[in-house]
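Asks: Below you'll find the structure I mean.
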Amino acid sequence: MSEESSTVTGPGTPDEVDRLVSAWRRERPDLDVSPLEVLSRVTRLARHLDRARRTAFTERGLETWEFDVLSALRRAGTPYQLSPGQLLTQTLVTSGTMTNRVDRLAAKGLVVRGPDPSDRRGVLVRLTDAGRELADSALTGLLKNERDLLSALPEARLEVLADLLRELTVQFEAE
């Protein structure tokens, strides 16, 4: 985390979004620009999160998509395997994209394909020990970076923020 981003500020401390909202209110007093106060901050936080994620993954030689697949398998629990269809559902990519990703992860020795005992034509993708260790290491790094991003807020406020964000996102996840 950079020195300037680690400075703890209070709830009344103006930020860049306050400045741009103020300018829009001055220039376009006919518009309600209040959505910018929330969503411009979400966008800016997303950029910081993206950087934190890329850093955690790059330090371990991973691309974001690789972590997505490895972590889906890791979350599945022992024996850390899923069908390609289950991976599609969890990573929201096309079947062609998933095939390519599994091929590339298999070439790195992070996953293996095997027959699905419940479906003679089916395949299961399983995390190797190396894949599990890499997923665990990347998750540890990611969580450290994400904790750093959230460090300006006390735990009680983080819980409130999580609840508010859940209220906003649940409408999109029901689609």
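Asks: Let me have the 222 nm mean residue ellipticity of the chain computed from DSSP H runs of 4+ only, each contributing -39500 (n - 2.57), with the sum over all residues rounded to the nearest 500.
Replies: It comes out at -21000 deg cm²/dmol, rounded to the nearest 500.
Asks: Oh, and also: Explain nothing, just compute: Karplus ³J(HN,Hα) = 6.51 cos²θ - 1.76 cosθ + 1.60, θ = phi - 60°, for every residue of the stretch 155-171 in order, whole Hz, x for Gly and Pro.
Replies: Values per residue, Gly and Pro as x: 3, 4, 6, 5, 5, 5, 4, 4, 5, 5, 5, 4, 4, 6, 7, 4, 5 Hz.
Asks: Amide H of Asp116 versus every other amide H placed in the peptide plane: which residues, excluding those fewer than 5 positions away on the same chain, fall under 5 Å?
Replies: The answer is Gly122, Val123, Leu124.
Asks: Related question: With no solvent and one point on each alpha carbon, what is the Debye value of log10 I(q)/I(0) for the stretch 37-175 at q = 0.13, 0.15 Å⁻¹?
Replies: Summing over Cα pairs of the stretch 37-175 leads to -0.69, -0.87.
Asks: Would the stretch 97-175 count as rounded, prolate or oblate if I go by the C-alpha gyration tensor, calling it rounded below 1.5 in a/c and otherwise prolate when a/b exceeds b/c, oblate otherwise?
Replies: Oblate shape, in that a/c is at least 1.5 and b/c is the bigger or equal ratio.
Asks: Another question, if that's okay. Using a probe radius of 1.4 Å on heavy atoms only, what accessible surface per residue do you get for the chain? Whole Å² is fine.
Replies: Result: 69 Å² of accessible area for each residue.
Asks: Comparing Leu142, Leu87, Leu158, which has the greatest mean-square fluctuation in the GNM of the chain with Cα pairs linked when under 10 Å apart?
Replies: In this elastic network of the chain, the residue with the biggest mean-square fluctuation among Leu142, Leu87, Leu158 is Leu158.
Asks: Something else now. Quick one: length gained pulling Leu168 to His48 fully straight, 0.36 nm per residue minus the C-alpha distance?
Replies: 41.2 nm is the gain from fully extending Leu168 to His48.
Asks: What are the semi-axes of the equivalent ellipsoid of the stretch 1-113, taken as the square roots of 5 times the eigenvalues of the Cα gyration tensor, listed largest first and rounded to whole Å?
Replies: Output for the stretch 1-113: semi-axes of 41, 18, 12 Å.
Asks: Can I ask one more? Can you give the translational diffusion coefficient of the stretch 83-143 in µm²/s, computed by Stokes-Einstein from the Kirkwood radius over Cα pairs at 20 °C and 1.002 mPa s?
Replies: Calculated translational D: 172 µm²/s.
Asks: Here is a further query. With just the Cα atoms of the stretch 23-83, tell me how far they stretch along each of the three principal axes, in Å, largest first.
Replies: Taking max minus min along each principal axis of the Cα atoms, the stretch 23-83 gives 59, 25, 13 Å.
Asks: Something else: Can you give me the % of accessible surface on the chain that is carbon or sulfur? Probe 1.4 Å, all protein chains present, nothing else counted.
Replies: Result for the chain: 54 percent of the exposed heavy-atom area is carbon or sulfur.
The values are calculated or read from the model by the stated rules, or taken from the named source; none is laboratory data. As the structure is a prediction and not an experimental result, all values here were calculated from the model. Side chains included, ligands, DNA and RNA excluded: accessible areas come from the protein's heavy atoms. Shrake-Rupley method; radii C 1.70, N 1.55, O 1.52, S 1.80 Å.
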